[in-house]
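Worksheet: the structure to be examined is printed underneath.
The values are calculated or read from the model by the stated rules, or taken from the named source; none is laboratory data. Model, not experiment: these values are computed from the prediction. Neighbour counts run over all protein chains shown; Cβ positions are idealised from the backbone, glycine included. Side chains are part of the model used for accessible areas, which takes the heavy atoms of the whole protein and leaves out ligands, DNA and RNA. Shrake-Rupley method; radii C 1.70, N 1.55, O 1.52, S 1.80 Å.
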Amino acid sequence: MQITYTENDLNVEEYEMLRAQVNWKPFTRRQSCAALQNSMYVLCARDETGHPVGMGRIVGDGATVCYVQDLIVVPQCRRLHIGAGLMQRLEAYVHTLVTDGETMRLCLMCALGRESFYESCGFTARPTPELGPGMIRWLQGEKN
């Protein structure tokens, strides 16, 4: 399979389709649009027909911290090194934001069972003796 990586061209329908293919929690159309628009960088892996088979986003302040968000490879395309290709390119983008003498945290929240993949990309699983565990809280909007 021939994979092409494209930058900042993923549309909202493709984003929602990729999320659905990996059974992630659906968002409203407004949320999906805002997620893409407010990303610092969106990378898409496309097959030879131009169909998206993977993606990843960078979000953050671009000065002290960036996060890898929504790293997806559709199930039928796993084990083809697409995830590694996405991670290498996402990290390369973040490197362009760091100037001499600066450091930047590149963080992510890992799906259960995917720790070894991210460790192979150079990430450290938490908690460690120095760093506590990552945490999350889902907030529910009030219906009007």
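If you go through segment 48-67 one residue at a time, how many are of a type in the set (D, E, K, R), under 29 Å from R79 (Cβ atoms) and open to solvent by 30 Å² or more (accessible area, probe 1.4 Å)?
The total comes to 1.
Only one residue in G101, G134, G113, G85 is more than 22 Å from Q31 (Cα to Cα), open to solvent by 60 Å² or more (accessible area, probe 1.4 Å) and not charged (D, E, K, R), so which one is that?
G101
So in segment 1-47, with the set limited to residues that are touching a strand residue (DSSP E or B) at 6+ places or on another chain (Cβ under 9 Å) and in a helix (DSSP H, G or I), which one is surrounded by the most Cβ atoms within 10 Å (Cβ to Cβ)?
Y15
Scan segment 1-15 residue by residue and report those that are among the charged types (D, E, K, R) and under 17 Å from Y41 (Cα atoms).
E7, D9, E14
Residue-by-condition table, conditions (1) more than 23 Å from M1 (Cα to Cα); (2) touching a residue at least 12 places away in the same chain (Cβ under 8 Å); (3) of a type in the set (S, T, N, Q):
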| site | (1), (2), (3) |
| --- | --- |
| G60 | yes, yes, no |
| T64 | yes, yes, yes |
| Y67 | yes, yes, no |
| V74 | no, yes, no |
| L80 | no, yes, no |
| M87 | no, yes, no |
| R105 | yes, yes, no |
| F117 | no, yes, no |
| G132 | yes, no, no |
